[in-house]
Amino acid sequence: MLGQKTADETLIEPLIALESLPVRTSPPTKKIAIFSTQRSGSTHFCNLLGSSHEFGVPREWLNQRALDLYLKRRNVQNLYFPDFMRDVLFKTATPNGVFSINVQMNQYIHWKERGFDLLSIGFDKVLYLRRRDKIAQAFSFTKAIATDQWMSNQAPRRNISPNAITNSLILHSLYAFSKWEEYYNLHVSQFVDKVYLYEDIVEDCGIVQSVFRECGLECREPEKLSSSIKVQRTDEDDLRIREFRNYLAELSEGVSECSPCD
């Protein structure tokens with residue numbers, strides 16, 4: 001859309017801005033991680049928290065796509081990861097000493113497989129944001145992949161009719177979420193202090209304010225918490241999601257009819 005930036009443009013902006021930020025002389029005094037899976041509202045959630053200027057800058061600093069774009073722009077072949085993480089830690093903490101990061105489960109897995117366990121830096125609080133409606137989440141993920149529009153303030157790379165998002169594609173996304181959630185349950189959940197639900201946050205803005213208390217922080221001006229992210233789902237999307245739910249129900253009925261009698 002006119003005036004909107006692409007996903008690539010919005011992904012690379014924080015990394016460019018990171019270059020010019022001053023380096024703190026001391027490490028963060030409090031570190032907070034917010035884990036989630038994609039399309040669970042984590043960007044909106046973290047924007048609200050970050051808008052306080054008292055909760056660090058909880059961005060997806062481990063987003064590999066953003067890092068690849070940044071390296072290409074700078075004509076650099078490889079990222080020296082220890083220096084990058086030190087910059088993130090020492091540059092993005094807010095004046096009260098708080099560092100925070102928004103990390104998707106697939107990002108955590110990606111870096112752990114390459115030898116870096118984010119949890120090894122020692123967090124004071126680890127939060128997890130999940131979405132109750134997995135089917136709506138899987139549809140949203142599938143649509144975002146197809147359009148390359150991950151946030152409401154981004155211009156889509158291409159426009160796709162909801163009817164073009166097939167059952168098999170949504171099932172593939174559901175499989176991905178199932179794998180990430182299994183990994184979370186096995187390897188991350190034991191480190192999590194508090195779980196939040198996307199649907200609850202949408203209904204009750206007071207939940208975001210309670211996050212500060214959970215983390216031992218004070219939100220001095222809760223009325224100023226804001227996010228530019230809006231819900232992207234349309235009426236046509238809702239119709240397609242209902243059709244997919246019916247498809248799953250039919251599959252379930254078919255399985256029941258084929259089950260052997262006792």
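What follows draws every value from the coordinates through simple rules; no lab data is involved. What you see is a predicted model; the values in this text were computed from it and never measured. A quick note on method: Cβ atoms are made from the backbone with ideal geometry, for glycine too, and the neighbour counts reach across all protein chains shown.
Annotations
- Efficiency of FRET between Leu239 and Leu79 - r from beta-carbon atoms, R0 41 angstrom, step 0.05: 0.40
- Size descriptors for the chain: radius of gyration and Dmax over Cα atoms are 19.8, 71 Å.
- Prolate/oblate/rounded label for the stretch 121-262 (Cα gyration tensor, a/c 1.5): oblate
- Relative contact order of the stretch 1-80, taken over Cα pairs closer than 8 Å and 6 or more residues apart, is 39 percent.
- The chain, relative contact order in percent, only Cα pairs under 8 angstrom and at least six apart counted: 28 percent
- Estimated at 0.36 nm per residue, the fully extended path between Ser210 and His53 surpasses their Cα-Cα distance by 54.9 nm.
- Here each label is just a point 7 Å from Cα along the line to Cβ, and for Val23 and Glu250 those points are 6.1 nm apart.
- Label positions at Asn96 and His187, each projected 7 Å from the Cα along the C-beta direction, are separated by 3.3 nm.
- The count of lysine pairs in the chain with alpha-carbon distances below 15 Å, taking only pairs 8 or more places apart or on different chains, stands at 8.
- Computed packing ranks the peptides 95-104, 12-21, 172-181, 243-252 as 95-104, 172-181, 12-21, 243-252, most packed first, by mean other Cβ atoms within 10 Å.
- Extension gain for Lys5 to Glu218 (0.36 nm times residue separation, less C-alpha to C-alpha distance): 73.3 nm.
- Near Val23: Cβ cut-off under 10 Å, other residues only, Lys/Arg at +1 and Asp/Glu at -1. The net charge is +2.
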